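Readers should treat all values here as calculations from the given coordinates under stated rules, not as data from a laboratory. Since the structure is predicted, the reported quantities are computational estimates derived from the model, not experimental observations. Note that each Cβ is placed from the backbone with ideal geometry, even for glycine, and that neighbours are counted across all protein chains shown.
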């Protein structure tokens with residue numbers, strides 16, 4: 001399976017690791033997404049995959065986790081991506 005440049009960019013912005021993606025695909029639930037793609041969701045993360053071309057298109061956080069990030073950012077007077085960095089660095093340290 002390969003990563004598109006878009007997926008690599010989003011992984012970097014959102015501090016999402018290859019292990020996160022692997023867990024999402026292996027342990028998560030799948031459902032059809034737009035344009036014949038497949039969405040895998042696990043915990044607070046989802047991955048969009050083109051199963052025909054074996055490509056990871058993008059990866060993102062669920063709406064509920066995104067809301068938590070926004071609330072954390074607002075409460076701490078920091079930007080959205082700074083909040084992700086803080087929250088994900090704590091999460092990945094476990």
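In summary, the stretch 2-93 shows an alpha-carbon radius of gyration equal to 1.10 times the 2.2 N^0.38 Å reference for compact globular proteins. Counting only alpha carbon atoms, the long axis of helix 5-14 and the longest principal axis of the chain meet at about 30°. Stretching the chain fully between residue 1 and residue 33 yields a gain of 9.7 nm (0.36 nm per residue, less the alpha carbon separation). What do you get for the angle between helix 63-75 and the principal long axis of the chain? Use alpha-carbon atoms, 0 to 90 degrees, nearest ten. The two axes meet at around 20 degrees. Applying 1/(1 + (r/R0)^6) with r as the Cβ-Cβ distance of residue 12 and residue 86 and R0 = 22 angstrom yields a FRET efficiency of 0.85. Principal-axis analysis of the Cα atoms of the chain puts helix 18-27 at an angle of about 60° to the longest axis. For the chain, relative contact order (Cα pairs under 8 Å, six or more residues apart, normalised by length) works out to 25 percent.
For n ≥ 4 DSSP H runs only, could you compute -39500 (n - 2.57) per run for the chain, divide by its residues and tell me the 222 nm figure to the nearest 500? It would help to have the intermediate numbers written out before the result.
Numbers: 4 runs with 47 residues, N = 94.
Calculated from helices alone, the mean residue ellipticity at 222 nm is -15500 deg cm²/dmol.
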